[in-house]
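First up is the structure itself, then whatever we jot down about it.
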Amino acid sequence: MFNIIIKETKEFIREKSYLFFFIMFPVILVFLLGNLLDETDIAESTIGMVQIDYQIDTQDPFQIAAIDSFVNGNTEQGMISFHKTEDFAQSIQLAGEDEITAAVMFGGTPLQIQVYEGTDRVKNRTVEAVLNGFIQINKTVSAVLKTSPEGLSEFKLEDADYTVDKNLNEKRSMIDYYAVTMVVMISFMSILVGSNAFIGERQNKTINRLIIAPQNRVSMFLQKICGMAPQALLQVAIIMITSVVVFKASYGATVESNLYLFFLFFVITFCMVSLGAIIGLLIKINPFIVIMPVLWIMMFFGGTYSKELDIKGFSEFMPNNIFQRAAFDVAIFGRYEMANSVILICAVTTIVALIVGAFLFNHKEEER
Amino acid sequence: MSQFVIVKNLTKKYGELTAVDNLSFDVDKNEIFGFLGPNGAGKSTTLSVLTTLSDLNKGDIEVGGYHIHKDKMKIKQLIGMVPQDIAVYENLSALENVKFFASLYGFRGKKLTGAAKEALEFVGLSDRLNMKPKQMSGGMKRRLNIACGIAHEPQLIVMDEPTVGVDAQSREHILNSIRTLRERGATVIYTSHYMNEVEEICDRIAIIDRGQMVACGTKAELVSLVTDVQSVYIETKLSVAFEGAEIKKKLKTLPNVKAVVTEENTVRIDISIEQNSITRILEQFLAFGMPIINIKTEVPNLDTMFLTLTGHELR
């Protein structure tokens, strides 16, 4: 059994393009993307002061009181400054010139909010989040007023903080993000290694020598796949160790979580290798031509290259996005539920892929 | 001499296409058996089924007393394959390549290393053990290809055009190696496009065309099949390639003409040995307005035989 594993490992280690593509390239990307995009991260985490000019266009005393309460409450917290304007047209102009963050008009029954935003994307998101929160509360209170006004007497405002801050003990940077993301990326791309294991045999014309050998084909197939395991371990280990030692990136907070992450990445890699093997047995052309465009699209829209490319309803179904979220859950929050599910699904997928692959290889005839 | 390979009524189909049609032949133990046929004749398909690379649709194959339907694994153990294409791993050294393929036949440890080194020495690569195929010349790669197929000491070696694209020195080395393999007790099935090679090393030759056996026997037996034929070479001043198709067509309509092959300034015509055959051809030839510079006749050889029996040139 070990002769095939040793042969596969030797071929991988001696193939310079593999070493570059599956080890050097992701390590370089961790460094480049992590450092180049670090500024973006700072911009996001430091939102700065949000200044809003507003005007109230309603006669409803309850709505006016609710708006005033909301405005005063937020202004007291210091992050957002509300200023009641008499000249709303001028406020819109100021927002357009980024002199203020936004100009907001509260009016109508039921209450509607018109927002004229500036160009600062992060501040705009903050304004939208705060105003959406207010409008939801407003709708709820209006509904209660209509159906059970006495119920409101049960409602008391308390000066309490319902959020709990978890001290993560360290500041997360973009290099940490890419350290995790690049291992996921390379695990994901291992589908190419799996497919090339058989397409390479075909290109070398050695597949016929394997087929005529007096060996059980199923066993031979499994040996070839197992031969990929040292490669999977090697590439995951090198990227993780290099990211930590050279680039000072962080994965999990504890040794256990790091070992768990390593296991998670290995399981994903092995699953992808097994799926790749099926592709390698089915297609006859260069796997890079077929698989690479699909992988690039998935990674591009799955948040591998930038967190900002997230497309709601699309990105979250990309396998790489799911793998990344599972890994971040472990690395940042110490949550294992999603990662456990990923491991389980990958294990089942691997078993199915191995059965299908073994069947295909067992029925394989001569390649010409 | 005992029969080592017996092929009975072999039929292999690819969809609607019948690549091999009811083919039967046998190969004696310790024999070098040549397999000839034009492109697409079914040679490679026959070898593919024989070496267990493909399944047959009908018939039976017996190798070393084992039947392919019942004892495929035992037959695999007996066979060594030297494919037409160089089938080696570019990133492994010569020794690692040979060791890997021999290990698939159950060789381990010192026996494995010894067998691999012996195979490489046999093909003249003992001083290139650590050289990788990408550093080798075409001839050296061909020899490594052979070493990978014989290191496990197979009793039946199937060689599919092992000398394609090699220099004269490497070709001579390969042909001598095949003879030595036979001397050591192996049975060899050999295909080639080079008629002189087949004539030189094969004990018996089978000719197949369109998936069927056309003739089988020793060189003398095959040539005797066409003793009533002689080849006439007519050299002319003008290039016959220019109007080759037209000339061939007209010459083929003449009585007693078996085959016509045109080359640069020469037309080769295989004709029946009958009175006036040559005279008629020369008359016709002059009617084309082509001057005759030289005329040469030859007794039948394998080329003549092949062309006569199949209607095609080997290439």
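Tabulated data
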read-out: Shielding by partners - mean other protein chain Cβ count within 10 Å, residues of A:191-204; value: 1
read-out: B:Leu129/A:Ser341 FRET efficiency (R0 56 Å; Cβ-Cβ; nearest 0.05); value: 0.65
read-out: Amide H contacts of B:Gly34 (H built 1.01 Å from N, under 5 Å, at least 5 apart or other chain); value: B:Tyr190, B:Asp203, B:Arg204, B:Ile205, B:Ala206
read-out: Förster radius 22 Å - calculated FRET efficiency between B:Glu199 and B:Lys29, Cβ distance, rounded to 0.05; value: 0.50
read-out: For residues of A:12-25, the mean tally of beta carbons on other chains within 10 Å; value: 1
read-out: Fraction of beta bridges assigned by DSSP in chain A that are antiparallel (%, nearest 5); value: 35 percent
read-out: Förster radius 56 Å - calculated FRET efficiency between A:Asn216 and A:Arg125, Cβ distance, rounded to 0.05; value: 0.40
read-out: Most fluctuating residue given options B:Val63, B:Val261, B:Val49, as computed from a GNM of chain B linking Cα atoms under 10 Å; value: B:Val261
read-out: Label-point separation in nm, A:Asp57 to A:Val245, each point 7 Å along Cα→Cβ; value: 6.5 nm
read-out: Built amide H within the under 5 Å cut-off of B:Asp167, gap 5+; value: B:Gly139
read-out: Gain upon complete extension [B:Arg184, B:Ile295; 0.36 nm per residue less C-alpha separation]; value: 35.3 nm
read-out: Crossing angle, helix B:109-122 versus chain B [Cα axis fit, 0-90 degrees, rounded to tens]; value: 30 degrees
read-out: Interchain or long-range residues, amide H under 5 Å from A:His83's placed H; value: A:Ile52, A:Asp53, A:Tyr54
read-out: Spin-label zone in the stretch A:198-242 - amide nitrogen under 17 Å from a point set 7 Å from the Cα of A:Asn35 along the C-beta vector; value: A:242
read-out: Gaussian network model of chain A, Cα within-10 Å springs - most flexible of A:Met49, A:Met228, A:Met240; value: A:Met49
read-out: Neighbouring partner chain Cβ atoms per residue of A:209-220, average, 10 Å criterion; value: 6
read-out: Any cysteine of chain A lacking a neighbouring Cys Cβ under 4.7 Å - listed by number; value: A:Cys226
read-out: Gyration tensor verdict on chain B (Cα atoms; rounded if a/c is under 1.5, prolate if a/b is larger than b/c, oblate otherwise); value: prolate
read-out: Contact order normalised by residue count of chain B, Cα under 8 Å, 6+ apart, percent; value: 19 percent
read-out: The protein assembly as shown shape via C-alpha gyration tensor axes, a/c threshold 1.5; value: prolate
read-out: Most mobile listed residue (A:Asn216, A:Asn196, A:Asn340) in chain A, GNM with C-alpha springs under 10 Å; value: A:Asn216
read-out: Cα centroid of the stretch B:173-200 to Cα centroid of the stretch B:15-70, whole Å; value: 19 Å
read-out: Of all DSSP beta bridges in chain B, antiparallel share, percent nearest 5; value: 70 percent
read-out: With Cα atoms, 0 to 90° folded angle of helix A:337-362 axis to chain A main axis; value: 30 degrees
read-out: Rough spin-label spacing in nm, given labels placed 7 Å along Cα→Cβ, for B:Glu246 and A:Glu150; value: 11.7 nm
read-out: Gyration tensor verdict on the stretch B:163-217 (Cα atoms; rounded if a/c is under 1.5, prolate if a/b is larger than b/c, oblate otherwise); value: oblate
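We did not get these values from a lab; they are worked out from the coordinates using the rules stated. As the structure is a prediction and not an experimental result, all values here were calculated from the model. Heads up, the Cβs are rebuilt from the backbone with ideal geometry, glycines too, and the neighbour counts pull from every protein chain shown.
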